[in-house]
Amino acid sequence: MAMEVGRRVPPPHGSAPRRQPATGGGEGERVRVQAGDALPLPIRHTNLIFSALFAASLVYLMRRWREKIRASTPLDVVSLAEIFAICGLVASLIYLLSFFGIAFVHSVVSNSDDEEDFIIDSRHKQARAAPPPPAPAPCALLGSPAAAPEKMPEEDEEIVAAVVAGKIPSYVLETRLGDCRRAAGIRREALRRITGRDMDGLPLDGFDYASILGQCCELPVGYVQLPVGVAGPLLLDGRRVYVPMATTEGCLVASTNRGCKAIAESGGASSVVLKDGMTRAPVVRFPSARRAAELKAFLEDPANFDTLAVVFNRSSRFGRLQGVKCAIAGRNLYMRFSCSTGDAMGMNMVSKGVQNVLDYLQADFPDMDVISISGNFCSDKKSAAVNWIDGRGKSVVCEAVIKEEVVKKVLKTNVQALVELNVIKNLAGSAVAGALGGFNAHASNIVTAIFIATGQDPAQNVESSQCITMLEAINDGKDLHISVTMPSIEVGTVGGGTQLASQSACLDLLGVKSANREFPGSNARLLATVVAGAVLAGELSLISAQAAGHLVNSHMKYNRSSKDMSKALAEATAVKPKKC
Ligand code: ADP
């Protein structure tokens, strides 16, 4: 990334800088802030006290002087009260001179354009060789609230004051300083001064801020820590997979783990990727519905597909147009382009291809008014029937046959109870609720935990969690056939948050880190099958827990926990989040 080139070595400063006492000397902004910070009283009260002291001492001494002259008393004969008055006058004079004098001198010598001042100053300081930062203390790396704050360098104090005063926009810090960690520290300190909140529990050190620049998160002030649990092995398509799940919901990993165990003891699960295509649907408006219909006919005519594909595919080596589905609302035309995207989740890729096609169409349809590159027929991060029916991202079905003895031994229930519960709850119950793709117990729990662990876009859990869970008794009613059908799992192994260190490590655990050079797209598809396989395990375990009536007990055990979890985990019985 651009920021990594020629980055300035950060000066040492603390993980959560706090108020520093005035160090004396220095330029206006910094001195004002520090002096105020160092005083035991608010600065206006201190000013008032010293001004009153000055005036009182002066008036008293003048009067005494006049009386002495009238009485012909020598001036060098002073009483105790006069000595106190002289001391008070001198002390208040020193205070007032240093307070107003320095501010006045600064206002004379400083440049009126503070932001420009800051830029020049930063460049100047960047040129100076700075010592390498000390390795963060272990407690700082852990973000411990007990970590002792280090002193913020004077040059950063100036920038913090300017950000607080609104003279420097916080968002320019990374670009201007060329040091992402330093920028985050300054922003954090400015935020602390503005809000009065320390955010001590939010760690600052121990994160590579350059890795998120321009890609994952703007205006960083720290990072949230999330525990990652692992469920597995999940025996899926002959592979033993350990599934990383980032969550703060007690029971979830344990429950999924139990499902994995039941699947593995029954010989494993198998999956099929039915479809693989990301979609983007721009909306355009014509003077009339008739004109909109003409473009619809053009786009859906198979004879025009090759031309459109050539135009679309120019955007990427991996984006390949699969089709266009159109819908009309009055004179507005919604064109849902679908394309393969290799190992990327593909939103950027498909958007670029769509832009190419819109530019191309404009020549033949000059009256076409592009309203938006995204007209919500895509449909991204919203619950929508179009994804449920047509699919978006990876459409996956995953199944397993759970043996009768495993249902009894591991899941502590029976096949008949599971099948019946699934019909009444996941099928009929969801129908009663008017669910859209929500014919499952808690698919979104597993989807979201894996998404966060592996750097997917967590907001896409909306459509990625669409799932119908089917349970049937087979082999004369003895064994259980379970399947999950998930038409819109949106995942990638390149781009977005997948390249960050933690997320990349989780992808590596699954054997799908980054792009698959030999078979582009196969890593992302494999990840989608793991998501479906883990959902299968999660569904199996939760439905079993509910069928066996263990739900409340397990929650009392896992969510209202005692310190010793090992016994509870070893039992691995009924576990499931209460919300489902
Ligand atoms: P998205 O389209 O999911 O937003 P990005 O545009 O952030 O993803 O990342 C995709 C980038 O990764 C593209 O520039 C693409 O050329 C590159 N890339 C490298 N290898 C692959 C691959 N196997 N599949 C997809 N993209 C790849």
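The values are calculated or read from the model by the stated rules, or taken from the named source; none is laboratory data. From a predicted model like this one, the values you see are computed outputs, not experimental measurements. Cβ placement follows ideal geometry from the backbone for every residue including glycine, while neighbour counts extend to all protein chains displayed. In case anyone asks, the SASA skips ligands and DNA or RNA and just uses the protein heavy atoms, side chains included. Shrake-Rupley method; radii C 1.70, N 1.55, O 1.52, S 1.80 Å.
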Output the residues belonging to the range 293-349 that are under 11 Å from residue 278 (Cα atoms) and in a helix (DSSP H, G or I). 347, 348, 349
By residue number, the members of the range 339-358 that are in contact with a helix residue (DSSP H, G or I) (Cβ under 8 Å, 6 or more places away or on another chain), more than 12 Å from the ligand (Cβ to nearest atom) and open to solvent by 20 Å² or more (accessible area, probe 1.4 Å) are 356
Within the range 512-526, the count of residues that are among the aliphatic types (A, V, I, L, M) and near the ligand (Cβ under 10 Å from one of its atoms) comes to 2
Do we find a residue being under 26 Å from the mean Cα position of the chain (by Cα), open to solvent by 20 Å² or more (accessible area, probe 1.4 Å) and within 21 Å of residue 444 (Cβ to Cβ) anywhere in the range 200-216? no
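Residue-by-condition table, conditions (1) open to solvent by less than 30 Å² (accessible area, probe 1.4 Å); (2) without any contact (Cβ under 8 Å) to a residue 24 or more places away in the chain:
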site: 398; (1), (2): yes, no
site: 424; (1), (2): no, yes
site: 430; (1), (2): yes, yes
site: 435; (1), (2): no, yes
site: 443; (1), (2): yes, no
site: 458; (1), (2): no, yes
site: 461; (1), (2): no, yes
Pairs, please: C-beta under 6 Å, at least 6 apart or cross-chain, first residue under 23 Å from residue 286 (Cα atoms) and in the range 372-388, second β-branched (Val, Ile, Thr)? 372/283; 375/283; 378/279; 379/386
Those residues of the range 296-331 which are within 16 Å of the ligand (Cβ to nearest atom) and open to solvent by 60 Å² or more (accessible area, probe 1.4 Å) amount to 314, 317, 318, 320, 322
Residue 547 fails exactly one of (1) within 16 Å of the ligand (Cβ to nearest atom); (2) crowded, with 24+ Cβ neighbours inside 10 Å, namely (1)
Can you name every residue in the range 366-392 that is among the aliphatic types (A, V, I, L, M) and in a strand (DSSP E or B)? 370, 371
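Residue check: is residue 336 within 16 Å of the ligand (Cβ to nearest atom) and under 18 Å from residue 353 (Cα atoms)?
Judged against the criteria, residue 336 is not a match.
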Criterion first (of a type outside the set (D, E, K, R), more than 16 Å from the chain's Cα centre (by Cα), surrounded by fewer than 19 Cβ atoms within 10 Å (Cβ to Cβ) and closer than 23 Å to residue 512 by Cα) does residue 272 satisfy it? yes
Quick check: anything in the range 493-508 in a helix (DSSP H, G or I), assigned by the TED database to the domain that holds residue 254, surrounded by 19 or more Cβ atoms within 10 Å (Cβ to Cβ) and among the charged types (D, E, K, R)? no
Inter-residue pairs, beta-carbon under 8 Å, first farther than 19 Å from residue 203 by Cα and in the range 169-182, second open to solvent by 20 Å² or more (accessible area, probe 1.4 Å) and among the acidic types (Asp, Glu), 6+ apart: 171/218
Pairing a residue in the range 71-93 that is assigned by the TED database to the domain that holds residue 53 with any residue that is part of a loop (DSSP other than H, G, I, E, B) and modelled with pLDDT of 80 or more, where Cβ atoms lie under 9 Å and the two sit 6 or more apart in sequence or on different chains, gives 86/78
